[in-house]
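Written out below as structure tokens is the structure these notes cover.
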2 protein chains.
Amino acid sequence: MELIAQLVGIVGDAHVLTGDDAAAYGKDWTGKYTCQPRAVLRPANRDQVCAIMRLASDTGTPVVPVSGKTGLAGGAFADGALMLSLERMNAIREIRPDARVAVVEAGVILSSLHDAAEAQDLIFPLTFGARGSAMVGGVLATNAGGSNVVRYGNTRDLCLGLEVVLPDGRVMDLMSELHKDNTGYDLKDLFIGAEGTLGIITAAVLKLRPKPRAYATAMVAVPTLGDALSLLNRLQEETGGAVEAFEYMPAEYMARLAECRPDLRPVFAETHAVNILVEVGATAPRDAAPQPDGSIPVATQLEEALADMLENGALLDAVVAQTQAQRAEMWERREAAAEITFSRLPLVDNDIALPLDAVGIFLERMETRLGELDKGADTITVGHLGDGNLHYAIWPSRDDAALIDTLREAVEDIVADLRGSFSAEHGIGLSKLATMRRRKDGVALDMMAQIKAAFDPTGIMNPGKLLPS
Amino acid sequence: MELIAQLVGIVGDAHVLTGDDAAAYGKDWTGKYTCQPRAVLRPANRDQVCAIMRLASDTGTPVVPVSGKTGLAGGAFADGALMLSLERMNAIREIRPDARVAVVEAGVILSSLHDAAEAQDLIFPLTFGARGSAMVGGVLATNAGGSNVVRYGNTRDLCLGLEVVLPDGRVMDLMSELHKDNTGYDLKDLFIGAEGTLGIITAAVLKLRPKPRAYATAMVAVPTLGDALSLLNRLQEETGGAVEAFEYMPAEYMARLAECRPDLRPVFAETHAVNILVEVGATAPRDAAPQPDGSIPVATQLEEALADMLENGALLDAVVAQTQAQRAEMWERREAAAEITFSRLPLVDNDIALPLDAVGIFLERMETRLGELDKGADTITVGHLGDGNLHYAIWPSRDDAALIDTLREAVEDIVADLRGSFSAEHGIGLSKLATMRRRKDGVALDMMAQIKAAFDPTGIMNPGKLLPS
């Protein structure tokens, strides 16, 4: 029987899409990795996933798992391959508030999980701009980061257990909700961040956290990145580590934002080099309880720290959100970043991590280097400064493949020199394969290839991604 | 050249121990896994480790890494093998207080790292009774847990980067200090908890945390384990998640303690079924600053919560430590556990994890089962209740291998039924191989064997441990 007919036999006619229907799934948000999948499969349950993988394994057919299609590294590029979407496996099986866990299927959309957790007065803290389309399977496969990592960690830190279908169709049950479990190699963390190259994540046990009872959010302008670090350290100290987000937006970003999103009002009358969005979350009642004068302790803590630093010249300006609408607008300014960055091509996008005290050094050295390599280039930077994570993108002056390579290597050189990472949270996919080959420890690359061969001996699982050939 | 002579050529005559000198290293704390190593090697640096592994690999000689010899699972049993001790590689290379990281060699003793962190007003939070002998390499290889996991996580959660020497002598450099790094498979977490079966951890980048400015510590008696959970949830809620430890000591443990350690005074005049050691750590200044009346807010919070619950009948009794000496004595009562448990043989020791609300169910069901299987058996239980981790040990009425197996399987049955783990923090080593074969997901076991084969194709790395043959 022909492959497509066999797939129809597994998932039903309505859930094997081909031609234009498949092309719609192949359309990539970045515009760089658009593809024509051979077919898009939408299984209803784990058994169907197993049957698909057994068939793919037997026939040597490549399978590319797809989630919300908002990854930036081309990890779901599936030209000529079977694209596997778990969108119908979107049950939130269980939320157990006392145990603070959610048991979910991989097709659950991140914002749906947020809503379900909030209904129990809890949060699933992982969040980023694309939360309305990203799915649990995708955030696990890419070990997504985002804006709250400074307090809650990456996806990896929020996952207790997994269920995985291997390339040969076998199920691996790692669905533990335990906080201690030393029974052999840590297979769970091998799948998290593997970008779908080792198997299909079908379900997960995720940690929930107490919902902060109050937030205090501010936009702050400081003279230098060094002052920003001092601000972070002081706020962490005074709040006992309650900083939820610490986001960096330099002057160039604010200028682009004003052009692209004139609906968002400027925060400060003047232009400042270093603008920070800071948010503090109060979980203890005593930090969140309204006082007789109507003030909220966590907001008072933030305001007092900022006022004190303003007086000492450590800050240039600061605005504390007084309403939920003001808080939302502050976040909208930050979350427009991907849209702004990808609005202009060609683009040399870099998602890098650096030791916290090396961020300023990196930017200075890059400015010098860029002056040497491409005087006409523009840059656009935004970052999760609390994690040392910069989204540093260059718009080169011309669309020249050699120049683009040179710029990419210049970034890599400085990142390597400062002992940073060339991919902090976006992963490798197709976009960073050359960098991976050049920069990753050679022994580590060798062992990754051996792990890949052990889990996926026929090489059908998201082929050509993550590991350089 | 003979093997020993070649080893002397690598590490020097003084650091290749044989005969009685080697036997001294083979002496096991539990008394169950004492062995005669062929030789004990004490390399001075990573290059010597590489040379040893190359030689071992070329000659097919088994190598067993050894750390503080306080593991309870026989993971360092090395009869006839080369035992590799990194005790001389004990440099704390760097403590960077602003970045909150420590860069250390694997031979650093845990309590030395504690001291070095405290000198910078920081902590390395991992702690347990054997901290004066356990080394960094050992705690990483076993993903050690201990008493502060409820707040800070297991060793895995406290490690940012690793350096590993593979069985063939190659070095894998994963020494990142970054909080975000998505560059391929998570090899770091594969080595953490691998019990030395995949390679030798030679150095690590570890997270440091702010030192709590004040602690409040109490012994509390509650009627049932359900009441203990309510106490934990209430204290977590009121302190915004600042519970550092939540340790369970049942009446039977307190009775044994009184026999074995008469120097430690009883806490309560009466006998209570459920005794809890709880500690809260205040990191924010406002929770730690002495008030005009001399009180400390975090202590007041704890006292008020306990007083309120005592009034409502949710507690039976409570004592809050008023001095550092009282706090230390409370901890001494808890940390005598291993000594008490291993003072009597034969012993069916179980280090299990359960969902928090299943701990009481487990104990009830085991009591019934034990009545059926061995009426004369005694039990001794102590646990990290905040993590659902029980050290549940049975002293059977007679030294009968069949009975011991039956008891072990009875525990496993109930643990599996409650979706718990048969090894929470002590690992597998030799002691839990049969359980691993019986209880671990078969597909997971298969993939573990394949990973082992990829990293250690000649099978020289701590052979016979962790993975059932």
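The values are calculated or read from the model by the stated rules, or taken from the named source; none is laboratory data. Values in this document were obtained by computation on a predicted structure and should not be read as measured data. Quick reminder, even Gly has a Cβ in these numbers, built from the backbone with ideal geometry, and neighbours come from all protein chains shown. These area figures cover heavy atoms from the full protein model, side chains too; ligands, DNA and RNA do not enter into them. Shrake-Rupley method; radii C 1.70, N 1.55, O 1.52, S 1.80 Å.
Quick notes
- Scanning region B:45-57 finds no residues that are among the hydrophobic types (A, V, I, L, M, F, W, C), open to solvent by 40 Å² or more (accessible area, probe 1.4 Å) and part of a helix (DSSP H, G or I).
- Taking the numbered list (1) open to solvent by 20 Å² or more (accessible area, probe 1.4 Å); (2) more than 14 Å from chain A (Cβ to nearest Cβ) in turn, B:GLN236 passes all entries but (2).
- The set of residues from region B:322-334 being open to solvent by 60 Å² or more (accessible area, probe 1.4 Å) and either under 17 Å from B:LEU257 (Cα atoms) or assigned to a helix (DSSP H, G or I) (or both) comprises B:GLN324, B:ALA325, B:GLN326, B:GLU332.
- Given (1) facing chain B (nearest Cβ under 9 Å); (2) touching a Gly at 6+ places or on another chain (Cβ under 8 Å), number of the condition A:ARG439 does not satisfy: (2)
- Once region A:411-424 is narrowed to residues that are open to solvent by less than 20 Å² (accessible area, probe 1.4 Å) and not in a strand (DSSP E or B), the residue that is nearest to the other protein chains (Cβ to nearest Cβ) is A:ALA424.
- Within region A:374-396, residues that are at the interface with chain B (Cβ under 10 Å from one of its Cβ atoms) sit with their Cβ atoms under 6 Å from residues that are part of a strand (DSSP E or B), at 6+ positions apart or across chains, in these pairs: A:GLY386/A:PHE246; A:GLY388/A:ALA353; A:ASN389/A:ALA353; A:ASN389/A:GLY383.
- Listed by position, the strands (runs of 3 or more DSSP E) enclosed by region A:139-225 that each have at least 3 residues that are under 29 Å from A:GLY383 (Cα atoms) and more than 10 Å from every other protein chain (Cβ to nearest Cβ) are A:200-207, A:214-222.
- Only one entry in A:THR368, A:THR379, A:THR406, A:THR341 is at pLDDT below 95, of a type in the set (S, T, N, Q) and open to solvent by 10 Å² or more (accessible area, probe 1.4 Å), namely A:THR341.
- The single condition from (1) under 24 Å from the mean Cα position of the chain (by Cα); (2) modelled with pLDDT of 95 or more; (3) closer than 18 Å to A:ALA307 by Cα that A:GLN236 fails is (2).
- Whichever residue in region A:167-225 is among the polar types (S, T, N, Q) and within 22 Å of the chain's Cα centre (by Cα) and, among such residues, is nearest to A:ALA273 (Cα to Cα): A:THR217
- Selection within region A:447-469: residues that are more than 9 Å from chain B (Cβ to nearest Cβ) and touching a helix residue (DSSP H, G or I) at 6+ places or on another chain (Cβ under 7 Å). The member of this set that is most open to solvent (accessible area, probe 1.4 Å) is A:THR458.
- Going through (1) within 25 Å of B:PHE77 (Cβ to Cβ); (2) among the acidic types (Asp, Glu); (3) touching a Pro at 6+ places or on another chain (Cβ under 7 Å) one by one, B:GLU177 falls short only on (1).
- Residue count for region A:351-382 satisfying the condition of being in a strand (DSSP E or B) and either assigned by TED's automatic domain parsing to the domain that holds A:ASN275 or small (Gly, Ala, Ser) (or both): 1.
- Hits in region A:85-105 (condition: outside any strand (DSSP E or B), buried (at least 17 other Cβ atoms within 10 Å of the Cβ) and within 12 Å of chain B (Cβ to nearest Cβ)): A:ALA99, A:ARG100
- Residues (open to solvent by 10 Å² or more (accessible area, probe 1.4 Å) and under 17 Å from A:LEU178 (Cα atoms)) located in region B:425-437: B:GLU425, B:HIS426
- Within region B:202-254, tally of residues that are farther than 20 Å from B:ASP357 by Cβ and among the aromatic types (Phe, Trp, Tyr): 2
- Scanning region A:152-179 for residues that are among the charged types (D, E, K, R) and modelled with pLDDT under 95 yields one hit, A:GLU177.
- Taken together, A:ALA305, A:ALA299, A:ALA318 contain a single residue that is in a strand (DSSP E or B) and either touching a helix residue (DSSP H, G or I) at 6+ places or on another chain (Cβ under 6 Å) or in contact (Cβ under 8 Å) with a residue 12 or more places away in the chain (or both), which is A:ALA318.
- Search result, residues across region A:347-365 that are over 16 Å from A:ASP413 (Cα atoms) and open to solvent by less than 30 Å² (accessible area, probe 1.4 Å): A:LEU347
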